[in-house]
DNA sequence: TGCAATGCCTCGCGCCTTGAGGTATTGTCC
DNA sequence: GGACAATACCTCAAGGCGCGAGGCATTGCA
């Protein structure tokens, strides 16, 4: 209530896309990944743990990620890597994102320059 | 079930953005708008009536749209226009979308070319 | 006569992010 | 030595939102 909540737009599916994309470059553990997302988007996007951890679990259950435990300074970490199946999914998701982004931009500019505008 | 529904396609907030954007160019009625969205995105994006009509009603209730009734061939139509308040909202939504799209693309390309690489 | 298209509407399902909450260890500062 | 932040994992309830299906009425075409 009272909290307008008008933000948080345009983000459905984005966390999953970025998780796969970043993990494909370098295996990471959850906590690290959350900060990597923030850094890689220049602090523009930030997703909480309640968003990322469930995605990690689900993608692993689906065979798109695999994890191994690691110990570092007394803390255990679950380091995730992208499987070959996950890479395939990633490619599809990226192209899907590009199609959507292009479509939206097309619509936003629709009718802007009806004529070729040869100066 | 059985419908995989793996879609989940980056679309939250997009319908509202496109509704405001297209209506800002030209007043339209709901049915027309639904087809305009499809056309303006080259058939890439299509939103059902169950998605668009509620948005129209909400935006009007919020003062971002205004409507007037029109008769055409025995059918009545509700033609919506964007108010000045709606135009302000539209500008914000567009820039918000651009920031998100840029952030996602930044992340996807993160580390690709560390150096500027100006050919 | 029947069916598709036009034109409006509502409702419930299910997905997804958010935010808050919980646990445990390590490092830091006073 | 005690408090607190940071690290690192996890879960759950709430709410937003698109989707699909459904409903109603008229026009136009076959």
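The values are calculated or read from the model by the stated rules, or taken from the named source; none is laboratory data. Predicted, not measured: the structure shown is a model, and the values here were computed from it. Cβ sites come from the backbone with ideal geometry, for glycine too, and all protein chains shown count toward neighbours.
Give segment B:30-40 a look and list any residue that's more than 12 Å from DNA strand D (Cβ to nearest atom) and within 12 Å of chain A (Cβ to nearest Cβ), or say none. Hits for segment B:30-40 are B:33, B:36, B:39, B:40. When segment A:25-52 is filtered for residues that are within 9 Å of DNA strand C (Cβ to nearest atom) and either part of a helix (DSSP H, G or I) or crowded, with 16+ Cβ neighbours inside 10 Å (or both), the ones remaining, listed by number, are A:45, A:47, A:49, A:50, A:51, A:52. When the criteria are applied in full, residue A:56 meets the requirement of being within 15 Å of residue A:81 (Cβ to Cβ), within 11 Å of DNA strand D (Cβ to nearest atom) and free of Cβ contacts under 8 Å to residues at least 40 places away in the same chain. Across segment A:80-95, the number of residues qualifying as in contact with a strand residue (DSSP E or B) (Cβ under 7 Å, 6 or more places away or on another chain) and more than 13 Å from residue A:25 (Cα to Cα) comes to 0. Looking at segment A:56-88, which of its residues are surrounded by 14 or more Cβ atoms within 10 Å (Cβ to Cβ) and at pLDDT below 95? Answer for segment A:56-88, where residues must be surrounded by 14 or more Cβ atoms within 10 Å (Cβ to Cβ) and at pLDDT below 95: just A:77.
Among the residues of segment B:53-109, those identified as more than 9 Å from every other protein chain (Cβ to nearest Cβ), in a helix (DSSP H, G or I) and within 12 Å of DNA strand C (Cβ to nearest atom) are B:53, B:54, B:55, B:56, B:57, B:58, B:59, B:60, B:61.
Looking at segment B:4-18, is at least one residue crowded, with 16+ Cβ neighbours inside 10 Å and over 12 Å from the mean Cα position of the chain (by Cα)?
Filtering segment B:4-18 for residues crowded, with 16+ Cβ neighbours inside 10 Å gives B:10-11, B:13-18.
Subset that is over 12 Å from the mean Cα position of the chain (by Cα): B:10.
Among the residues of segment B:4-18, at least one is crowded, with 16+ Cβ neighbours inside 10 Å and over 12 Å from the mean Cα position of the chain (by Cα), which makes the answer yes.
Evaluation of residue B:10 against the conditions (1) within 12 Å of DNA strand D (Cβ to nearest atom); (2) facing another protein chain (nearest Cβ under 9 Å); (3) in contact with a strand residue (DSSP E or B) (Cβ under 7 Å, 6 or more places away or on another chain) shows that the sole unmet condition is (3).
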